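The values are calculated or read from the model by the stated rules, or taken from the named source; none is laboratory data. Here the structure is a predicted model, which is why all the values come from computation and not from measurement. Methodologically, a virtual Cβ is constructed for each residue, glycine included, from the backbone with ideal geometry; neighbour enumeration extends over all protein chains shown. For accessibility, only protein heavy atoms count, side chains too; no ligands or nucleic acids. Shrake-Rupley method; radii C 1.70, N 1.55, O 1.52, S 1.80 Å.
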Protein chains: 2
Amino acid sequence: MTNKDVRTPASSQDESPVPGEPSTEAGKSVGWHKGYVEGSRPDLRVPVRQVHLTNGQSVSLYDTSGPYTDPLVGTDVRRGLPPLRENWIIARGDTAEYAGRPVRPEDDGIKHTAPRGGLRNLDAVFPGRPRQPRRGRDGEAVTQLAYARRGEVTPEMEYVAIRENVSPEVVREEIAAGRAVLPANVNHPEIEPMIIGKRFLVKVNANIGNSAVTSSIEEEVEKMTWATRWGADTVMDLSTGRNIHTTREWVLRNSPVPIGTVPLYQALEKVDGRAEELTWEIYKDTVIEQAEQGVDYMTVHAGVRLPYVPLTANRKTGIVSRGGSIMAAWCLAHHKESFLYENFEELCEILAAYDVTYSLGDGLRPGSIADANDEAQFAELRTLGELNRIARRFDVQTMIEGPGHVPMHKIKENIDLQQEICDEAPFYTLGPLTTDVAPAYDHITSGIGAAMIAWWGTAMLCYVTPKEHLGLPNRDDVKTGVITYKIAAHAADLAKGHPGAQEWDDALSDARFEFRWEDQFNLALDPDTARAFHDETLPAEPAKTAHFCSMCGPKFCSMKISQDIRREHGGSRGEIEEGMAQKSKEFAASGNRVYLPIAD
Amino acid sequence: MTNKDVRTPASSQDESPVPGEPSTEAGKSVGWHKGYVEGSRPDLRVPVRQVHLTNGQSVSLYDTSGPYTDPLVGTDVRRGLPPLRENWIIARGDTAEYAGRPVRPEDDGIKHTAPRGGLRNLDAVFPGRPRQPRRGRDGEAVTQLAYARRGEVTPEMEYVAIRENVSPEVVREEIAAGRAVLPANVNHPEIEPMIIGKRFLVKVNANIGNSAVTSSIEEEVEKMTWATRWGADTVMDLSTGRNIHTTREWVLRNSPVPIGTVPLYQALEKVDGRAEELTWEIYKDTVIEQAEQGVDYMTVHAGVRLPYVPLTANRKTGIVSRGGSIMAAWCLAHHKESFLYENFEELCEILAAYDVTYSLGDGLRPGSIADANDEAQFAELRTLGELNRIARRFDVQTMIEGPGHVPMHKIKENIDLQQEICDEAPFYTLGPLTTDVAPAYDHITSGIGAAMIAWWGTAMLCYVTPKEHLGLPNRDDVKTGVITYKIAAHAADLAKGHPGAQEWDDALSDARFEFRWEDQFNLALDPDTARAFHDETLPAEPAKTAHFCSMCGPKFCSMKISQDIRREHGGSRGEIEEGMAQKSKEFAASGNRVYLPIAD
């Protein structure tokens, strides 16, 4: 088993494990440690989660948890993560630091009080690592897409090639063709590069973010590290309340994965929630603010055009995208075309200068089974196809967001149409939810749709938590959402025949058949819960080596009987196979008198 | 909205609700009550769950919870449920009571002590309702299949026709053709008839059963009522420890849904767990014992034939069906063909006399992604096709069990082959699990596969709980498993376009869009959890009428904005549609100078 071709979530224990050397428990070597695969240069080291099995073998899994799970790297949320990519970015010589936009109190939603301390710079927001923002010199496109189209393989591309167990050239080609994106803002050097595209492992995004009603900065940073620990490949900070700017800064400085946002949310805060008061200038300023901080991809609802709004009037659930409803309200209030649509080219120029990736939002996605695949939804999709081609002209990496609520038989049309209309740009879908009737279980209603649409070509899945439609997710909800979506993503990797994906299943199934309980736990997507469930009914240590569990008990364990058969009638698998094949021939030779013909 | 065409689980509250008149809470009429739809005769009353909405409408959902949720029917587990079907069975005049097989201590696994009280009859096991077993006179086939083929529409068929919102003739045709089964042992008159077939709503089975390691009779009876309360359409009692006979009797006398078993498990107990000591006589005696008690369908692993056992030798996880591994062990120990296969015709005669339905077990189903769709699995399936045709000759209703662990891209082949080989007999699948890597979440890994295979034609889904592979499910696990599978089943009903299935989704989505929170909860598959999740962050009573939730807060609630748009720009949906359409025309008439062309 190679150490590149299987993936899993980051950490296996609620309590920080002690990686490095595997620990010894009950006389057995168990656990895992953080390993690295080195690339063509010493500062290019790709993390893997190395699981040590009790049979002496080991399995390497994809690792999204960042330096937090490496005891050799001291992490401190007040200082942020080491700027892994900084030298790569500087070495390219196409960016320059500059003074940057001053940080204003209203960036944090403080406007009705006198500015405390007046204008600040980024250092004041996050004192841990003084820095100035960086952007392309003279507005040059400093994007991975631009490099890929010029034939350059960047260290970032090599990094993801190792992670995905493909050649760097494949990575470059997929990015150059617009079939994959590598979100990596030049102001977010802390990330461990990852790629989103249908030729690669299916990725999972976790949303975090405070709302006006609840939550705090610390909670959001913790949700981010928690989500990546369980396998989130990117995190979207959807904060809408106070302290948006500061929350985002802390999340960015501590995030090993790309961070996405919806700049419209913050822009709306700046006009006190009155959609009609939004302007292109306020929006643009917010995009620059966030780009300077290091946001890697931004959801832009530029496809919600004025003429499409009437198409939603007959819907059961209207417009259910927050960004979509804000833009629709703006368009109607002014009886004007969307300022996002009209200024899209200028927006491209800004994003290209920081390598911010577009996530073209589906503001008119269906919010109920009844509204799936309707005229409004597909009208917007066609516009996203148009915008995708414009973004490409500006060398801006682009992915396309997708629904939503869609019954199973209408899912495939979504991915097929999107791939056709958007020139195979990566599809990034929310679910889809396959029924409306199970609030509190929408991680499951949507996990079903997510697995299917990912199998058919969706590149990244936006998770849905059990709290969807009901409230703000807490820590447990985040974990449940991530695990559910890692299942959907991995099921899709298997169905797509992604190289090496099945080795993980095979390793776990081998452990299961051989009653290596500790190995089953350590290989599980969620080792803690698997172990806890087993211990609930058979807690004693000897049960960890028992050849059965409480589900069936010793007499009825089929795997035990299966093993007994092999032991009694052969010994090794090879022997039993030979012995049994021999028996089979004897039966046939005897004219099948005793035995009825095989099948018919 | 009619009251026949939507379905849901039984009860909405942890605490027994007070049905009948809807209760009044915070000034609003909320909740639901148990209703009945009367058929062509007064003793044919089909239960429905009538949900009362705050807008004055009501929605009727399929109800599996039995008389427990009807306050007008006094239930007492010590007395059992009223024998609803007794008069129908007697009126047919083709069955007769008889003394029945004496109940022996070893039926309950008591064999190493002196029999306490010697032989008993059924009354001693369950004193609540004295009775004698019943069977077809002179071995006559008294099955719904026999009646259907003769053109008779039984009260049971009319009952399910009302439940499914189809004509009784459709029910009769589907049963006659062998495409559907109506499991209804003449000794289980307590059941509320239900049907399993691809033309009908997808059904869900929940497994209960003690094992040698844990659990008690009371727990199993409670698990059964609990599972049916959340929507289980049938329950399999897979007990393997002590008190099998008595547990089953109590479960049967109190169950409103068909009960399935695997007689092989009890037969093995009778030979102390030594597979090689099993005999046809012991097995047959066990089948009669269970048929007299009223078991409605039995899993019979008659497709595990001697020549197929070697086909499993190279598998990653061997034989993972308990029944399959027992029969394989027996075949190898004796070097003989399976006694189930060889005596299948005699078994048909027995089952026909009680109307026990076959569930032909897939003893060689794959237990890992690596083993999916292999030679062993499909060899057995071909034999199941052969056995299905034999069963049909004897007028025994038959369904076919299916896998197991199957990656998504190999699922469709399973249902397509099964339908072809088994003449469209109902497929009854366990999951399938779409990946092996998530122990503790196998309700989800399998819920994905279950939804897909049900969409493609599987008639009943056997649930998988979070404890799968790890231990015996408890009450919470049973609920989680049932809810997950109700989601899969309903998602499939939607995708199949089952008449009326979407009305449930539409009712909930309407409630969602109109911020009728109480209606959302009451219409939810699990009202308790939906309500609890909402209250976690916004517990105050006014929040139940608020036009937002804690997820996005008031400013960012897209549905609120969507509603505001409709209010400001129209009022009613009709008005806004007209108004907006008018605007749209104006834009077009103005030559689209302000607005770019729609799409392109």
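Details
- Restricting attention to the range A:368-389, the residues that are open to solvent by less than 10 Å² (accessible area, probe 1.4 Å), touching a Phe, Trp or Tyr at 6+ places or on another chain (Cβ under 9 Å) and in a helix (DSSP H, G or I) total 5.
- Whenever a residue of the range A:446-475 is in contact (Cβ under 8 Å) with a residue 12 or more places away in the chain, its partners that are among the basic types (Lys, Arg) and open to solvent by 10 Å² or more (accessible area, probe 1.4 Å), lying with C-beta atoms within less than 6 angstrom and at least six residues away or across chains, give the pairs A:TRP456/A:LYS412; A:GLY457/A:LYS198; A:ALA459/A:LYS198.
- Among residues that are in a loop (DSSP other than H, G, I, E, B), among the small types (Gly, Ala, Ser), open to solvent by 10 Å² or more (accessible area, probe 1.4 Å) and over 17 Å from B:MET298 (Cα atoms), B:GLY231 is not included.
- Condition met for A:VAL221 (open to solvent by 10 Å² or more (accessible area, probe 1.4 Å), under 30 Å from A:ASP476 (Cβ atoms) and assigned to a loop (DSSP other than H, G, I, E, B)): no
- Number of the exception - A:THR64 against (1) open to solvent by less than 50 Å² (accessible area, probe 1.4 Å); (2) of a type in the set (S, T, N, Q); (3) touching a strand residue (DSSP E or B) at 6+ places or on another chain (Cβ under 8 Å): (3)
- Meets criteria (more than 9 Å from chain B (Cβ to nearest Cβ) and out of contact with any helix residue (DSSP H, G or I) (no Cβ under 7 Å at 6 or more places or on another chain)) for A:PHE533: no
- Unique match (being more than 7 Å from every other protein chain (Cβ to nearest Cβ) and either buried (at least 22 other Cβ atoms within 10 Å of the Cβ) or modelled with pLDDT under 70 (or both)) among A:LYS555, A:LYS585: A:LYS585
- Any chance B:ALA353 is small (Gly, Ala, Ser) and more than 11 Å from chain A (Cβ to nearest Cβ): yes
- Scan of the range B:357-384 for residues that are touching a helix residue (DSSP H, G or I) at 6+ places or on another chain (Cβ under 8 Å) and polar (S, T, N, Q), ordered by number: B:THR357, B:SER368, B:ASN373, B:GLN377, B:THR383
- Every condition in (1) more than 9 Å from every other protein chain (Cβ to nearest Cβ); (2) at pLDDT below 95 is met by B:SER338 except one, and the failing one is (2).
- Among (1) modelled with pLDDT of 95 or more; (2) open to solvent by less than 10 Å² (accessible area, probe 1.4 Å); (3) within 28 Å of A:TYR297 (Cα to Cα); (4) within 7 Å of chain B (Cβ to nearest Cβ), the one test that A:LEU470 misses: (1)
- Meets criteria (open to solvent by less than 10 Å² (accessible area, probe 1.4 Å) and either more than 8 Å from every other protein chain (Cβ to nearest Cβ) or free of Cβ contacts under 8 Å to residues at least 24 places away in the same chain (or both)) for B:GLY402: yes
- Restricting the range A:417-456 to residues that are in a loop (DSSP other than H, G, I, E, B) and open to solvent by 10 Å² or more (accessible area, probe 1.4 Å), the residue that is nearest to A:ALA489 (Cα to Cα): A:TRP456
- Wholly enclosed helices (runs of 4 or more DSSP H) of the range A:76-181 bearing at least 3 residues modelled with pLDDT of 95 or more: A:86-92, A:144-149, A:155-164, A:168-176
- Among the residues of the range A:488-496, at least one is under 26 Å from B:SER368 (Cβ atoms), facing chain B (nearest Cβ under 7 Å) and either assigned to a loop (DSSP other than H, G, I, E, B) or free of Cβ contacts under 8 Å to residues at least 12 places away in the same chain (or both).
- Matching option when the condition is touching a strand residue (DSSP E or B) at 6+ places or on another chain (Cβ under 9 Å), within 11 Å of chain B (Cβ to nearest Cβ), in contact (Cβ under 8 Å) with a residue 12 or more places away in the chain and open to solvent by 10 Å² or more (accessible area, probe 1.4 Å), among A:ARG392, A:ARG365: A:ARG365
- Within the range A:262-279, being in a loop (DSSP other than H, G, I, E, B), polar (S, T, N, Q) and surrounded by 24 or more Cβ atoms within 10 Å (Cβ to Cβ) holds for no residue.
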